[in-house]
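Asks: A single structure is presented below for examination.
Coordinate-derived values only; no laboratory data. Small disclaimer: the values here were computed from a predicted structure and weren't measured. All Cβ positions, glycine included, derive from the backbone under ideal geometry; neighbour counts span all protein chains shown.
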Amino acid sequence: MSKEEVYEYEVGPQGSQGLDLLDLAFNQSTIAFTQKYIKPGMTVLDVGCGTGVMSRWFATQVGPEGKVIAIDNSEDQLLAAKKITEGLKNIDYQCLSAYDIFDLHLTFDLIYCRFVLHHLHSPRKTIRLFYDTLNSGGIYIGEEGIISAAFAYPSSFAWTGYMPTLPSPHTEQDGENRDGDFGMKLFYYAKQAGFDILDCQLVQPLLWKRAQKILVVQGLKEFKKTALAQGMTEQEWQNKHDETLRLIQDDDQIIAFYQSCQVAAKK
Ligand SMILES: C[S@@+](CC[C@H](N)C(=O)[O-])C[C@H]1O[C@@H](n2cnc3c(N)ncnc32)[C@H](O)[C@@H]1O
């Protein structure tokens with residue numbers, strides 16, 4: 001029997017600081033990468049929108065003639081997203097899984113999906129759904145992590161060690177686990193789905209200021225429930241927490257976030 005697919009981090013207010021870390025680390029490069037494809041009047045689907053920071057940016061780019069449909073399968077995330085986009089009339093939110101986008105009965109000019117496929121058991125199927133729900137000439141902007149590329153120097157078990165051991169299936173099929181290194185496969189499976197690749201690049205943010213590094217502690221807290229469920233003891237978690245605090249206070253120690261592979265592709 002296949003394992004149930006569960007999102008491993010806290011959602012809603014308890015999970016928002018982990019997403020703050022993603023926003024801080026990646027939004028600048030996401031915007032630079034995406035800007036040339038987004039045009040006023042477009043209909044955009046933001047898949048797994050989280051707390052909605054990028055949905056808000058898309059809404060400002062497509063303008064009043066355009067529309068953003070932002071979906072997430074967590075009501076709590078959507079509540080947070082709705083809060084920050086209050087007053088914007090061109091965003092619709094739906095609590096929906098990435099696997100169910102046909103239920104929207106819509107087609108899109110651009111589909112944006114960041115750091116969601118590497119949480120799913122069936123990322124390849126999801127890319128094919130994106131292809132099928134895009135208009136002809138429509139754009140898919142995907143960004144997925146290569147979690148095994150994260151490091152600290154000098155190294156620290158609190159950073160590289162805090163990543164769970166993620167299976168990275170090398171098969172062509174979807175699996176029964178998430179694939180934390182799916183980012184390295186994004187180009188290949190976008191092509192397999194029928195897309196023409198327009199651009200592709202790798203990004204790896206460095207956290208070196210105290211204000212950046214402090215968000216890592218929050219990320220650790222948001223992963224606690226999953227870590228304990230995966231077999232970590234309370235004492236082991238506490239050791240990691242204490243070592244993380246030490247790591248963020250050492251101004252000589254740098255943290256390299258995981259890599260993100262960005263792909264822009266056209267139907
Ligand atoms: C790491 S967060 C990324 C959020 C946002 N895309 C960003 O880059 O800031 C992953 C998000 O995907 C959502 N998610 C997980 N599984 C999902 C699924 N099957 N369908 C839709 N959303 C999902 C989670 O609730 C979470 O908000």
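Asks: In the stretch 52-81, whose amide N lies under 12 Å from the spot 7 Å out along Cα-to-Cβ of L88? List them in ranges.
Replies: 52-64, 67-71, 81
Asks: Right, another one. Does the stretch 157-253 come out rounded, prolate or oblate by the C-alpha gyration tensor, with a ≥ b ≥ c the root eigenvalues, rounded set by a/c under 1.5 and, if not, prolate when a/b is larger than b/c and oblate if not? Intermediate results must be reported in sequence, preceding the final value.
Replies: On the way: a/c = 3.59, a/b = 1.58, b/c = 2.26.
In terms of gyration-tensor shape, oblate.
Asks: Can you tell me the 0 to 90 degree angle between the C-alpha axis of helix 234-249 and the longest principal axis of the chain, rounded to 10?
Replies: Computed tilt is about 80 degrees.
Asks: Can you bin the stretch 8-145 into rounded, prolate or oblate? Criterion: square roots of the alpha carbon gyration tensor eigenvalues sorted a ≥ b ≥ c, rounded for a/c under 1.5, prolate for a/b above b/c, oblate for the rest. Present the calculation step by step, with values, prior to reporting the outcome.
Replies: Details: a/c = 1.34, a/b = 1.13, b/c = 1.19.
Rounded.
Asks: Further question on the same structure: If we sort 66-78, 20-32 on the protection proxy, mean other Cβ atoms within 10 Å, highest first, what's the order? Can you show the working numbers first?
Replies: On the way: 66-78: 21.9, 20-32: 17.1.
Order by mean packing, descending: 66-78, 20-32.
Asks: Next question. Which value, in debye to the nearest 20, describes the size of the charge dipole of the chain about its Cα centre when Lys and Arg Cβ atoms bear +1, Asp and Glu Cβ atoms bear -1, and nothing else is charged?
Replies: Details: 25 positive and 34 negative charges, 124 e Å.
Dipole of the chain, to the nearest 20 debye: 600 debye.
Asks: Using r as the Cβ-Cβ distance of D242 and V6, and R0 as 25 Å, what FRET efficiency do you calculate, to the nearest 0.05?
Replies: On the way: r = 27 Å, r/R0 = 1.09.
Result of the calculation: an efficiency of 0.35.
Asks: While we're looking at this one, here's another question. Arranged from highest to lowest average of other beta-carbon atoms within 10 Å per residue, in what order do the peptides 47-53, 248-254 appear? Working shown, then result.
Replies: Numbers: 47-53: 25.3, 248-254: 13.9.
Put in order of decreasing packing, that is 47-53, 248-254.
Asks: Ranked from highest to lowest mean number of other Cβ atoms within 10 Å per residue, what is the order of the peptides 174-184, 36-46, 84-94?
Replies: Values: 174-184: 20.3, 36-46: 18.7, 84-94: 14.3.
Sorting 174-184, 36-46, 84-94 by mean packing, highest first, produces 174-184, 36-46, 84-94.
Asks: Quick check: the angle from helix 75-84's long axis to the longest principal axis of the chain, C-alpha only, nearest 10 degrees?
Replies: The answer is roughly 80 degrees.
Asks: How long is the gain from E172 to D252 if the chain were fully straight, where each residue apart is worth 0.36 nm and the alpha carbon distance is subtracted? Show your work: numbers first, answer last.
Replies: Numbers: separation 80, 0.36 × 80 = 28.80 nm, distance 4.18 nm.
Net length gain for the segment: 24.6 nm.
Asks: Straight-line reach from K39: which lysines fall under 17 Å, measuring Cα to Cα and dropping same-chain residues less than 8 apart?
Replies: Within the straight-line limit of under 17 Å, K39 reaches these lysines: K67, K266, K267.
Asks: What shape does the chain have by the C-alpha gyration tensor, where a ≥ b ≥ c are the square roots of the eigenvalues, rounded means a/c under 1.5, and otherwise prolate means a/b greater than b/c and oblate the rest? Mind dumping the intermediate values first?
Replies: On the way: a/c = 1.68, a/b = 1.49, b/c = 1.13.
Prolate.
Asks: Give me the extension gain from R128 to A229: residue separation times 0.36 nm, minus the current Cα-Cα distance, reported in nm with one decimal.
Replies: Values: separation 101, 0.36 × 101 = 36.36 nm, distance 3.21 nm.
Length gained, R128 through A229: 33.2 nm.
Asks: Which value in nm describes the separation of the simple spin-label points at A211 and Q28, placed 7 Å from the Cα toward the beta carbon?
Replies: Modelled inter-label distance: 1.2 nm.
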